[in-house]
Amino acid sequence: MMKNSKLIWIDIGTHFGQEYKSIFSNQTYFAWKLFRRFIGSKVFSKGKFLKISELAELFKNRKALRKNKNIFYFTFIEANPKIIAMKVYSEANDVFCLALGQNKIKKFSVGKLYHVDRNETSQGNSIYKTKTNVNINNFTTCVIQNPFLFATEYKGYLDELFSNYKIILRLNCEGSEDDIIYALKNCFQEKLKYVFGSLKDVKTVKGDKAFQKMMSFIQEKELSYVDFSSSVETWPKAFKKINQIIN
């Protein structure tokens, strides 16, 4: 158990807080998500539902994580100001309305969060106009911050709050994942060993070379990566891994 220590959950591209809510929401939300996945699998033949053994372990790990919620310190980072007004953001310890990405930016810039299918709150909205499904004529104005500078400032802040802490990074930010991983690992060093989320958009936005460079960095720095998204299928492994971290 992480005695006298905090686990800082830095969630970048929080959107509706689906991953946080999968663990810490009320039982109604959790049951509804499982029911929808079950119906999707059995009635509409879309995807798979969890095995009985996976389901049992999922409930066990979720219960353990909820019991130890006091260990966590939640940081939500979301670029879209229309989303951070949602109730789930009131449950975070720290909330930042900005986009992290583009290391070439010296400090920060005012930029554009391009919409997918004219949907201003779509999970797929991105600061990269090269993302194939965005409409560059539809966007929300946002602040774009150099991720290393942000990490440096935030580390200083966390160091003042806590004498001992670890970082878990949960991210899905439509193409900025590589820059963020490089920045936070180089800044937090051994405090960051675990990455959760979805990394596939790096390949979509920046190409296979950038994706392979990121994966090589993850391997070289011995980072543990676990897929963790709003998809129920990712929950068993993610819940188990987070539970192992705090024990």
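The values are calculated or read from the model by the stated rules, or taken from the named source; none is laboratory data. As the structure is a prediction and not an experimental result, all values here were calculated from the model. All Cβ positions, even for glycine, are placed from backbone atoms using ideal geometry, and neighbour counts span all protein chains on display. Note: areas computed on protein heavy atoms with side chains; ligands, DNA, RNA excluded. Shrake-Rupley method; radii C 1.70, N 1.55, O 1.52, S 1.80 Å.
A few remarks follow.
- Considering region 109-142, and only residues there that are among the β-branched types (Val, Ile, Thr) and within 13 Å of Pro81 (Cα to Cα), the residue that is least open to solvent (accessible area, probe 1.4 Å) turns out to be Thr140.
- Among residues of region 228-237, those that are in contact with a Phe, Trp or Tyr (Cβ under 6 Å, 6 or more places away or on another chain) and either within 16 Å of Ile8 (Cα to Cα) or open to solvent by 10 Å² or more (accessible area, probe 1.4 Å) (or both), counted: 1
- Entry remark, region 168-213: residues being assigned to a strand (DSSP E or B) and over 13 Å from the mean Cα position of the chain (by Cα) number 2 in total.
- Selected residue [among the polar types (S, T, N, Q), open to solvent by 50 Å² or more (accessible area, probe 1.4 Å) and over 13 Å from the mean Cα position of the chain (by Cα)] from Ser216, Ser224: Ser216
- Tally of residues being farther than 23 Å from Ser229 by Cβ, polar (S, T, N, Q) and assigned to a loop (DSSP other than H, G, I, E, B) across region 115-154: 1
- Residues located in region 1-24, provided they are buried (at least 18 other Cβ atoms within 10 Å of the Cβ), outside any helix (DSSP H, G or I) and among the hydroxyl-bearing types (Ser, Thr, Tyr): Thr14
- Tabulated pairs, region 52-69, first of a type outside the set (Gly, Ala, Ser), second outside any helix (DSSP H, G or I), C-beta under 8 angstrom, 6+ apart or interchain: Leu58/Leu50; Asn68/Met1
- Residues of region 44-62 that are surrounded by 12 or more Cβ atoms within 10 Å (Cβ to Cβ), out of contact with any Lys or Arg (no Cβ under 7 Å at 6 or more places or on another chain) and in a helix (DSSP H, G or I): Glu54, Leu55, Ala56, Leu58, Phe59, Lys60, Arg62.
- Here Ser41 does not qualify as loosely packed, with under 14 Cβ neighbours inside 10 Å and free of Cβ contacts under 8 Å to residues at least 24 places away in the same chain.
- Flag for Ser176 being crowded, with 23+ Cβ neighbours inside 10 Å, at pLDDT 90 or above and in contact with a Pro (Cβ under 8 Å, 6 or more places away or on another chain): yes
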